[in-house]
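The values are calculated or read from the model by the stated rules, or taken from the named source; none is laboratory data. Quick caveat, the model's predicted, so the values are computed rather than measured. Backbone-built Cβ (ideal geometry, glycine too); neighbour counts: all protein chains shown. The protein model used for the area step is the full one, side chains on, heavy atoms only, and it has no ligands, DNA or RNA in it. Shrake-Rupley method; radii C 1.70, N 1.55, O 1.52, S 1.80 Å.
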Amino acid sequence: VGYVYVPTNCATGAVECHLHVNFHGCNQQRTKVGTQYVEHTGLNEWGEANNIVILYPQIVASDLVPLNPQGCFDWWGYAGDNYGVRSGPQMQVIRSMISALGHF
């Protein structure tokens, strides 16, 4: 689950583009703030001006295991000991999102 901003030149293939992955803070997921974070961080404008695709992955808050009531990305290990490495569950999802974007 997430959002992606693709600058005009990137969408048309007119230029080579890069990718920036932006992790929202706790309580900034779409179920709390809708699209406000995605629309008002200024990153879309920065991406447009610099030919950078912006990926905004989203976390779902949970009151169950794994406990994450504030909808934070896992920076302390609530999803397991491998949270900070490529094999961690959230990093695997992010890698899948990046792969799905293709050439960016």
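Looking only at the range 92-104, residues that are open to solvent by less than 60 Å² (accessible area, probe 1.4 Å) and either in contact with a Gly (Cβ under 8 Å, 6 or more places away or on another chain) or not in a helix (DSSP H, G or I) (or both) come to 3 in all. If you go through the range 59-90 and keep only what is surrounded by 11 or more Cβ atoms within 10 Å (Cβ to Cβ) and among the aromatic types (Phe, Trp, Tyr), you end up with PHE73, TRP75, TYR78, TYR83.
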